[in-house]
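Okay, so here's the structure we're looking at.
What follows is calculated from the coordinates using simple rules that are stated; it is not laboratory data. These numbers come from a predicted model, not from an experiment. Don't worry about glycine lacking a Cβ; one is built from the backbone with ideal geometry, like all the others, and counts go over all protein chains shown.
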Amino acid sequence: MNALRVVVIGGGISGLAAAHRVVELNRRDGRPLEVIVLETGSRLGGVIETRRQDGMVLEGGPDAFLTEKPWAIALCQRLGLAEELIGTQEACRRSFVLRHGQLVQMPEQFYLIAPGSLEALAKSRVVSWPAKIRMAAEWCVPPRRSTGDESVAAFVSRRFGREAFERIGQPMVSGIYSADATTLSCDATLPQFRQWEQQYGSVLKALRAHAAARSQAALQQASGPRYSLFMSLRRGLSTLVDALRARLPEGSIRCGVAVEHVERRDGWTIRCRGGESIFADAVCLAAPAPQAATMLAGTAPELSRALAEISFESVATVNVAFHRRHVPHALDGFGFVVPHVERRRIIGCSFASVKFLHRAPEGTVVLRAFLGGALHRDVLEQDDASLERLVLEELRYALGISASPMFVSIHRHERAMPQYHVGHLDRVAAIEARQARWPGLALIGNSYRGIGLPDCIHRAELEAERLWTFVTASAASLAPVPSP
């Protein structure tokens, strides 16, 4: 029996999770199967990149994942990493917003863009009193009649007022997506809030109803396992990348291979730079949508054009290490975001060694500044030395740090953040309709239905299962019928 071959193009978390799932499924079947992962770069992991220096854990990309979506935790558990999972420090579960040069604590029980407690909002200095009154009046704002998509800026301003958007909604949501909230799709990024508006008539009414339900559920599950909202791995998220790589068959990973075209001819043919061609029974494209569009332009032009409509922005993460005594701020939270109206040059900053334990030796701290995105493209045009000076100036402004750092570590991610513009879900639906014409082709990654690790892992595993079913069914249909 000839071995089946599945080729995964892209060695980020999505590509590795898909390859692992195919191997995992086939292990039960025992059918001859070859999985090949092709990665353009010299390393695996994509935006996940953990460095270690002077006893510190430095995350160059994401440093955590949401536990409300179970797929990342489930994968860690299957890989034997359950003991490595760590939650955020409970005593410091708060965040700040920069307001007129001062860090102001976000109100307690705040849910991304909406206050879960009007009393806590009233005590907060994050917005003015007129803005607080306007936010409380959301209770009386009628729901939007149109069911079509709208921007995050339009939704938050309509329901809570312009200042709430500028001081809270914009920095919180744009910080996650490195996007311009005036073009960011509400349906794609805040679907729960849209659903609440339609179901309850008000986001505040929905939050009150869900708070009561959560309290009841907490009482019923008090003796069960509880995770913090965000989790990571003790030695950094590259631990997950390493574990996935270790589970793949020897020789299945090929770095430094640039794919130029993917063609459909009696199966699939992958044309690589340098002239190499690789045959596959099925192909899983884990590359960003614009790159996937280029690869498919000759074989699936309609699909290619749809993929090309999704744009990406570049970002950078700058880890800065200090002696604790040189940082005047209490660092009694997870970090701060910077509203665009403040006219600063960073998106925000995470207090990395406060958010998670085991990130820095005693007496030292690690801060992670975020730069670039749709609103700060020009910042990333600077060289590393200029970026370092910029970040140190911003940290001096926000945190009062005047001392020189122990060291600075810069991670750049070119065209790494997909922009979920208004109408994004319709574009994805059109892509998936065109993809359905090619049953041996899968499209995965953060371009489509979520940028977080759980979403990427979930889509990767679902598509891997579909491809595995396809190739095994195809092989069965071609198998010779035994003589009676």
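Straight distance only, please: which aspartates and glutamates reach the Cα of Lys205 with their own Cα at less than 12 Å, same-chain residues fewer than 8 apart left out?
Straight-distance partners of Lys205: Glu138, Glu197.
Long-range amide H contacts for Glu34: which residues qualify at under 5 Å (H placed 1.01 Å from N, peptide plane, sequence gap of 5 or more or a different chain)?
Amide H to amide H, under 5 Å and 5 or more residues apart or across chains, Glu34 pairs with Leu4, Arg5, Val6.
Ranking request for peptides 14-22, 364-372: highest mean number of other beta-carbon atoms within 10 Å first, then the rest in descending order.
In descending order of packing, they fall as 14-22, 364-372.
State to the nearest 20 debye the size of the charge dipole of the chain about its Cα centre, where the only charges are +1 on K and R beta carbons and -1 on D and E beta carbons.
So the magnitude is around 980 debye.
Using only Cα atoms, locate the centre of the stretch 1-55 and the centre of the stretch 434-457, then give the distance between them in Å, rounded to an integer.
After rounding, the separation between the Cα centres reads 15 Å.
Taking H placed 1.01 Å from N in the peptide plane, check which residues at least 5 places from Glu49 or on another chain put their amide H under 5 Å from its amide H.
Those lying under 5 Å, H to H, from Glu49 are Gly60, Gly61.
Suppose we keep just the DSSP beta bridges with both residues in the chain; what percent of those would be antiparallel, to 5?
The antiparallel fraction comes to roughly 70 percent.
State the answer as a single residue: which of Ile270, Leu207, Cys284 lies farthest towards the positive end of the charge dipole of the chain, with beta carbon charges of +1 for Lys and Arg and -1 for Asp and Glu, about the Cα centre.
Farthest along the dipole direction, towards plus: Leu207.
Tell me the label only: which of [x] 38; [y] 34; [z] 42 is percent of Cα pairs over 33 Å apart as calculated from this structure?
Correct label, based on the coordinates given: [z].
So, in Å, what gap is there between the alpha-carbon centers of the stretch 106-129 and the stretch 173-195?
Here the answer is 20 Å between Cα centres.
Can you work out the Karplus-derived ³J(HN,Hα) for every residue in the stretch 47-61? Use 6.51 cos²θ - 1.76 cosθ + 1.60 with θ = phi - 60°, whole Hz, and x for glycine or proline.
6, 6, 8, 9, 10, 10, 8, 6, x, 10, 9, 10, 8, x, x
For the residue pair Glu263 and Arg43, what label-to-label distance in nm results when each label sits 7 Å from Cα along the Cα-to-beta-carbon direction?
3.5 nm
Give me the one-decimal nm value for the distance between modelled label points at Ala330 and Leu425, 7 Å along each residue's Cα-to-Cβ direction.
Using points 7 Å along Cα→Cβ, the separation is 4.1 nm.
Out of the trypsin sites (Lys or Arg not before Pro) in the stretch 415-445, which ones are loop residues according to DSSP with at most 16 other C-beta atoms within 10 Å?
In loop regions of the stretch 415-445 (DSSP not H, G, I, E or B), the sparsely surrounded trypsin sites (Lys or Arg not before Pro) are Arg437.
Using a Förster radius of 56 Å, what is the FRET efficiency between Cys140 and Glu276 based on their Cβ-Cβ separation? Nearest 0.05, please.
My answer for the efficiency is 0.30.
For the stretch 312-418, compute Rh as the Kirkwood radius over C-alpha pairs and then the Stokes-Einstein diffusion coefficient at 37 °C and 0.692 mPa s; write the answer in µm²/s, rounded to an integer.
Translational D for this selection: 233 µm²/s.
Treat every Asp and Glu Cβ in the stretch 104-220 as -1 and every Lys and Arg Cβ as +1, leave all other atoms uncharged, and give the resulting dipole magnitude about the Cα centre to the nearest 20 debye. The partial results should precede the final answer.
Numbers: 14 positive and 10 negative charges, 71 e Å.
Its charge dipole is roughly 340 debye.
Any chance you could run the full-extension gain for Asp383 through Glu34? It's 0.36 nm times the residue separation minus the Cα-Cα distance, nm to one decimal. Please list the in-between numbers first.
On the way: separation 349, 0.36 × 349 = 125.64 nm, distance 4.24 nm.
Length gained, Asp383 through Glu34: 121.4 nm.
Please give, to one decimal in nm, the separation of the simple spin-label points placed at Thr183 and Ala436, each 7 Å out from Cα toward the Cβ.
Roughly 3.0 nm, to one decimal.
Suppose we take every Cα in the stretch 104-220 and form the convex hull; what volume per residue is that in Å³?
Working: hull volume 12.7 nm³, N = 117.
So the per-residue hull volume is 108 Å³.
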